[in-house]
Amino acid sequence: MALYGPLKNAIDWASRPPNVWADKTAAIVSAGGGFGGGRSQYHLRQVGVYIDLHFVNKPEFFLNAFESPAKFDSDGNLHDELTKEKLKALLLSLHGFTLRLKSKSA
């Protein structure tokens with residue numbers, strides 16, 4: 001959560017005219033413990049609506065990084081195969097969503 005303040009500032013500055021976020025697609029990924037990442041995602045979605053970001057709705061991605069088995073190695077690299085597959089599904093969904101929105105604006 002320590003980076004949330006700077007992230008909000010960056011979003012705010014980039015949304016000033018001309019709003020660089022407008023009509024862009026986005027996906028949200030959180031890795032933490034409990035459901036703090038979920039609450040952060042919910043708030044970020046609220047902010048995104050105001051600045052005209054279009055978020056992928058499915059699949060959602062919440063990673064409890066502290067559950068066993070370990071998801072990351074000692075260097076911080078993701079090594080959990082199930083988590084990699086879920087992340088891949090989210091990125092493929094974002095790609096498809098981006099192409100659909102792009103074709104509608106053309």
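The values are calculated or read from the model by the stated rules, or taken from the named source; none is laboratory data. Keep in mind the model is a prediction, meaning the values are calculated, not measured. We place every Cβ from the backbone using ideal geometry, glycine too, and count neighbours over all the protein chains shown. Surface accessibility is based on the protein's heavy atoms, side chains included, excluding ligands, DNA and RNA. Shrake-Rupley method; radii C 1.70, N 1.55, O 1.52, S 1.80 Å.
Considering only segment 89-102, I want to know if a residue exists there that is at pLDDT below 90, out of contact with any His (no Cβ under 9 Å at 6 or more places or on another chain) and assigned to a helix (DSSP H, G or I).
Yes, segment 89-102 contains a residue that is at pLDDT below 90, out of contact with any His (no Cβ under 9 Å at 6 or more places or on another chain) and assigned to a helix (DSSP H, G or I).
Please find, among Leu53, Leu82, Leu90, Leu99, the residue that is in contact with a Pro (Cβ under 7 Å, 6 or more places away or on another chain) and among the aliphatic types (A, V, I, L, M).
Exactly one of Leu53, Leu82, Leu90, Leu99 is in contact with a Pro (Cβ under 7 Å, 6 or more places away or on another chain) and among the aliphatic types (A, V, I, L, M), namely Leu90.
Taking the conditions exactly as written (over 19 Å from Leu90 (Cβ atoms), surrounded by 11 or more Cβ atoms within 10 Å (Cβ to Cβ) and in contact with a Phe, Trp or Tyr (Cβ under 6 Å, 6 or more places away or on another chain)), does Gly38 satisfy them or not?
no
Of everything in segment 57-105, what is under 18 Å from Arg45 (Cα atoms), in contact (Cβ under 8 Å) with a residue 40 or more places away in the chain and of a type in the set (S, T, N, Q)? Give them in sequence order.
Ser93, Thr98
Return yes or no: is Glu67 touching a helix residue (DSSP H, G or I) at 6+ places or on another chain (Cβ under 9 Å), open to solvent by 90 Å² or more (accessible area, probe 1.4 Å) and not in a strand (DSSP E or B)?
no
Across segment 41-58, which residue is surrounded by the fewest Cβ atoms within 10 Å (Cβ to Cβ) among those that are of a type in the set (A, V, I, L, M) and assigned to a loop (DSSP other than H, G, I, E, B)?
Taking the candidates together, the pick is Ile51.
Identify the single condition in (1) free of Cβ contacts under 8 Å to residues at least 40 places away in the same chain; (2) under 19 Å from Leu101 (Cα atoms) that Ala27 does not satisfy, given that it satisfies every other one.
Ala27 satisfies all of (1) free of Cβ contacts under 8 Å to residues at least 40 places away in the same chain; (2) under 19 Å from Leu101 (Cα atoms) except (1).
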